[in-house]
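What follows is one structure encoded as structure tokens, with my remarks underneath.
The values are calculated or read from the model by the stated rules, or taken from the named source; none is laboratory data. Values in this document were obtained by computation on a predicted structure and should not be read as measured data. Note that each Cβ is placed from the backbone with ideal geometry, even for glycine, and that neighbours are counted across all protein chains shown.
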Amino acid sequence: MKKVSFVFSFVLLLFFAHEVQAQKNETYFVGKWDLLIKGLPEGDKEALLTFELKDGKLSGSITDKTDQKDMPFTEVSLKDSVVTVKFDHSSGQVDMNLLKKDADNLTGQINSQFNLTGIRRKEN
């Protein structure tokens, strides 16, 4: 009986640890990020990425800094330390994967072709 109790307690502890880690990853992305998307056909592009938590879920948008076009995310999913977002662009639907690099930097790819880097924007 002690073994069953111990195993149950261990499994419960693992479950809570996983939930806490998922919440940390969600809140990591919240805020504004300056992105540099490299190697696009029209050259490197700068964009502003914005994440917020709404009803416990990540949402947000990406804004092209050149033409100030805001494109809200149509889908956001978080798995481990990777956020995958989808948004509509004039060229079609775009998939973007973002990975936590350190406290204020992220890396990723757009459509599995174009690399990007991001730096957390410091708000005053």
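Selection over the stretch 101-124 of residues that are farther than 22 Å from GLY43 by Cβ, surrounded by 13 or more Cβ atoms within 10 Å (Cβ to Cβ) and over 13 Å from the mean Cα position of the chain (by Cα) gives a count of 1. In this structure, is ASP64 touching a Ser or Thr at 6+ places or on another chain (Cβ under 9 Å), surrounded by 11 or more Cβ atoms within 10 Å (Cβ to Cβ), among the charged types (D, E, K, R) and touching a residue at least 12 places away in the same chain (Cβ under 8 Å)? When the stated conditions are applied, ASP64 does not pass them.
Table: residues versus (1) more than 12 Å from LEU98 (Cβ to Cβ); (2) in a strand (DSSP E or B); (3) in contact with a strand residue (DSSP E or B) (Cβ under 8 Å, 6 or more places away or on another chain).
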position	(1), (2), (3)
LYS32	yes, yes, yes
LEU40	yes, no, yes
PHE51	no, yes, yes
LEU58	no, yes, yes
ILE62	no, yes, yes
PRO72	yes, yes, yes
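Scanning the stretch 83-100 for residues that are over 8 Å from the mean Cα position of the chain (by Cα), free of Cβ contacts under 8 Å to residues at least 24 places away in the same chain and not in a loop (DSSP other than H, G, I, E, B) yields a total of 7.
Looking only at the stretch 81-124, count how many residues are under 16 Å from ILE62 (Cα atoms) and among the polar types (S, T, N, Q). Result for the stretch 81-124: 10.
Would you mind stating whether THR27 is modelled with pLDDT under 90, under 20 Å from ARG121 (Cβ atoms) and of a type in the set (Ser, Thr, Tyr)? Here the answer is yes, as THR27 does meet what is asked. Among the residues that make up the stretch 34-44, is at least one of them touching a His at 6+ places or on another chain (Cβ under 9 Å) and among the charged types (D, E, K, R)? So far as the stretch 34-44 goes, no, none of its residues is touching a His at 6+ places or on another chain (Cβ under 9 Å) and among the charged types (D, E, K, R). So which residues in the stretch 29-58 are without any contact (Cβ under 8 Å) to a residue 60 or more places away in the chain, under 25 Å from GLN113 (Cβ atoms) and surrounded by 13 or more Cβ atoms within 10 Å (Cβ to Cβ)? Within the stretch 29-58, LYS45, ALA47, THR50, PHE51, LEU58 meet the criteria. Residues in the stretch 72-95: is at least one aromatic (Phe, Trp, Tyr), surrounded by 15 or more Cβ atoms within 10 Å (Cβ to Cβ) and farther than 13 Å from LEU36 by Cβ? Taking every residue of the stretch 72-95 in turn, at least one turns out to be aromatic (Phe, Trp, Tyr), surrounded by 15 or more Cβ atoms within 10 Å (Cβ to Cβ) and farther than 13 Å from LEU36 by Cβ. Which members of the stretch 97-118 meet the condition of being in contact with a strand residue (DSSP E or B) (Cβ under 6 Å, 6 or more places away or on another chain) and of a type in the set (A, V, I, L, M, F, W, C)? Correct list: LEU98, LEU99, LEU106, ILE110, PHE114, LEU116. A single entry from LYS79, LYS32 fulfils the requirement of being closer than 16 Å to GLY108 by Cβ, of a type in the set (Lys, Arg) and touching an Asp or Glu at 6+ places or on another chain (Cβ under 8 Å): LYS32. Mind checking which residues of the stretch 67-81 are in contact with a Ser or Thr (Cβ under 9 Å, 6 or more places away or on another chain) and either closer than 20 Å to ARG121 by Cα or of a type in the set (Val, Ile, Thr) (or both)? Hits for the stretch 67-81 are LYS69, ASP70, MET71, PRO72, PHE73, VAL76.
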